[in-house]
1. Buried (at least 23 other Cβ atoms within 10 Å of the Cβ), of a type in the set (Ser, Thr, Tyr) and either outside the structural domain of Ile102 (by TED's automatic domain parsing) or touching a strand residue (DSSP E or B) at 6+ places or on another chain (Cβ under 6 Å) (or both): does that describe Ser426?
2. When you scan the range 298-310, do you find a residue that is outside any helix (DSSP H, G or I) and surrounded by fewer than 14 Cβ atoms within 10 Å (Cβ to Cβ), even just one?
3. Please verify whether Leu275 is modelled with pLDDT of 85 or more and part of a helix (DSSP H, G or I), treating the condition exactly as stated.
4. Please state which one of Ile102, Ile142 is closer than 30 Å to Leu437 by Cα, in contact with an Asp or Glu (Cβ under 8 Å, 6 or more places away or on another chain) and of a type in the set (A, V, I, L, M, F, W, C).
5. If you scan the range 421-433, which residues turn out to be modelled with pLDDT of 90 or more and of a type in the set (A, V, I, L, M, F, W, C)?
6. Would you pick out the residues in the range 215-266 that are out of contact with any Leu (no Cβ under 9 Å at 6 or more places or on another chain) and under 15 Å from Ile362 (Cβ atoms)?
7. Can you tell me which residues in the range 324-353 are assigned to a helix (DSSP H, G or I) and crowded, with 21+ Cβ neighbours inside 10 Å?
8. Every residue in the range 354-369 that is surrounded by fewer than 19 Cβ atoms within 10 Å (Cβ to Cβ) and either at pLDDT 90 or above or among the acidic types (Asp, Glu) (or both), please.
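The values are calculated or read from the model by the stated rules, or taken from the named source; none is laboratory data. Worth saying up front: this structure is predicted, and the values here are computed from it rather than measured. Methodologically, a virtual Cβ is constructed for each residue, glycine included, from the backbone with ideal geometry; neighbour enumeration extends over all protein chains shown.
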Amino acid sequence: MGQSEASGRRDTQALLPVTQAMELRNRDYHVERPLMNQQQLEELGHRTSATRTYQWRTWFQCSRARARALLFQYVPVLSWLPRYPLRDWLLGDLLAGLSVAIMQLPQGLAYALLAGLPPVFGLYSSFYPVFVYFLFGTSRHISVGTFAVMSVMVGSVTESLAPDENFLQGVNATVDEVARDHFRVQLASTLSVLVGLFQVGLGLVRFGFVVTYLSEPLVRGYTTAASVQVFVSQLKYVFGLQLSSRSGPLSLIYTVLEVCSLLPQSVVGAVVTALVSGVVLVLLKLLNDKLHRYLPMPIPGELLTLIGATGISYGVGLKSRFGVDVVGDIPAGLVPPAAPSPQLFASLVGYAFTIAVVGFAIAISLGKIFALRHGYRVDSNKELVALGLSNLIGGIFQCFPVSCSMSRSLVQEGSGGNTQVAGAVSSLFILIIIVKLGELFRDLPKAVLAAAIIVNLKGMLKQFTDIPSLWKSNRMDLLIWLVTFVATILLNLDIGLAIAVVFSLLLVVFRTQLPRYSVLGQVPDTDIYQDVAEYSEAREVPGVKVFRSSATLYFANAELYSDALKKRCGVDVDHLISKKKKWLRKQEQKLKRMQKTLQKQIAASEGTSVSVQVNTNIRDMESNNVDDSKARQASAGKELEDTTGSGQEDAKAANGSTLKALGLPQPHFHSLVLDLGALSFVDTVCIKSLKNIFRDFREIEVEVYMAACHAPAVQPCQPCFDNQTLTVPPPCLPLLTSGGCDQALVRNSLPPGCLQTSPRSPLHIHTHTAQGWRSWNSQVQCHRPGSGMGHWSQTGTGWAGERSMFLAPEIKTCLPTTRLCCALVGAWWSGQ
């Protein structure tokens, strides 16, 4: 046996790389400690409850130092601006700010149209929120301002609450655009205030973790669907069509059908203008990609296209001659602040919360990407407050809700931006345009802005490539992506997001309900235990079944866990228990019939007076028998609850209720180990399920042990298990072997996990003898397999059944490992 194991170890090492094989040979592990249950471990380590820190108490403390700390915490510019390195960073921030401003100008005008507002309000939204974020933001590289997804969400709100049909006037039913735009601006600014209030409130109560419920596949599927919404919304400007306003479920489908039906009425000038502008923008972007290494800043394609299109429109007269719709008058200067309309709060609060969460999710995801790339930290709660203040103050100054743009953020980083000084520079450049140069863009065709929006959707539309990649990597994430996309396309942005979040959370619950269950076996020549279904060389420890689940055990999967355990163990536990109970009921009924027959016989033979006396005696005897039976049952129950299981089979043998005595098949294992390393918390259903597992398997004479439990999960279980062993050390399982005598077996007394090698740690010996015989003397022999070391023997005496044998001290000192093979090699019997 030693030679075969040694050769097996050499074969295993031959499969390893040379360095790993050398490392394996040089290791010398020696583990020697007594096996303890949870209670003994806590007593030895003097476990105490962790002291609670009530952080909320510090919130109400007032001091000058705390006021200063709070000021620097929520106004980060005060901490980093005085230490700003002018020589190193100023030039890069100036170039980055100018580059972002050049992009911000056309995007602001275009995204205002996307939100259903006059273009100048896109410029306002590119100034106020950006400057506010410069003061309060923690990310150094993201570019806050107008964003396509946010704009289309705002547009869905403005068009649903202020449709064109509500502003028809005159006999010809023309739309009063001035009144419509005024009301839509009021809606958008009030919505921005509500979004800001939500974000600031959630940030102050440290609710930034809410964005963790928006997984990456969900966000990418949602933004892809939003990009499709954006694309469809710009078709009316590309084709010069007048479409009816639609909102709610299936509005996108109806819009596409209406565009298809009105295509014969398209304005040719608008189509040509959009196509030419789109081609020019694409060529300039390709040129930027080719020459970005040699250019100090990207070519401002959008700005050049807007300037050229405005000049051509003014010179040719696209509006008057070809019917191309243009931006119109752009008032110079800033508008005064205006209070939000409280009567609109009730109708906007649902939209506001959705937009607040989506805007923050986009901003914090980009912020964390840049922070990881450049080695600084972004606080999600502070970022939530900063973005909320940007929207709150921006809403007071007639802005619509904003977030950060991926394209502008990449330009800001790539052109040398290091801090939000770049954002401040871009906002000041936009301010100059608003005050002095905005009116120059009044002849800008809306088809050019639509083309700029569609071309900038390239990055989000490329997210369709997620489908094949997720199909290969993770199909559950693909399912989330597809459900989010379809729900958002069909049911609009707000309902689609709600359905996507609910679906992703339900999918998490569903995946915990159907985890992976495995039976573990030992990999040869190691103390590693793996799934026997995956590792063909892994072998189960004889007599021991180790069961593991990949998910925590709680109310949603407790019953499934129990069913899978019974199925993987290969034993029909419920059938054995029902057969056993059925046999016991028959025995009880047979005993009652015998007692009744005995009473009748005594009554018939002895007469009435004697019969009464005999019956009374029989009742006393029955009462005594019942008391004895109850006492035996109580004793048996107490023995069942004993963690070591000592005396269990004796108790059952005494009343003839063992599986062998009943003629029922016995399980091929005597111990079941539940690997609960994945158990992160417990609830009442989990505890009840574990107690049922203990009860059912002990009914079929199998001891159950829980291994690798974490302390927070063990603590709630302890009051419910009444001193049962709750934990066992997880590193290794002992090798258990049967003895050389057919009538005896040596096995470890406590849960598998580490062989007891202390003089006070017993090995349990179970002996089976004929009725009336007892074991007078027995000998146990132990050795270390494959080591070439000698055997140790230990002799003990005792009665038949299960009893303890203690290892001698010299055996303990000679054991270099916890892997030990023990067998009963001799037993001497004597009669009564």
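1. No, not satisfied.
2. No, every residue in the range 298-310 fails to be outside any helix (DSSP H, G or I) and surrounded by fewer than 14 Cβ atoms within 10 Å (Cβ to Cβ).
3. Yes: the conditions hold for Leu275.
4. Ile102
5. Selection gives Val421, Ala422, Ala424, Val425, Leu428, Phe429, Ile430, Leu431, Ile432.
6. Listed by number, the residues that qualify are Ser215, Glu216, Val219, Arg220, Thr223.
7. Correct list: Leu348, Tyr351, Ala352.
8. If the condition is that a residue be surrounded by fewer than 19 Cβ atoms within 10 Å (Cβ to Cβ) and either at pLDDT 90 or above or among the acidic types (Asp, Glu) (or both), then no residue fits.
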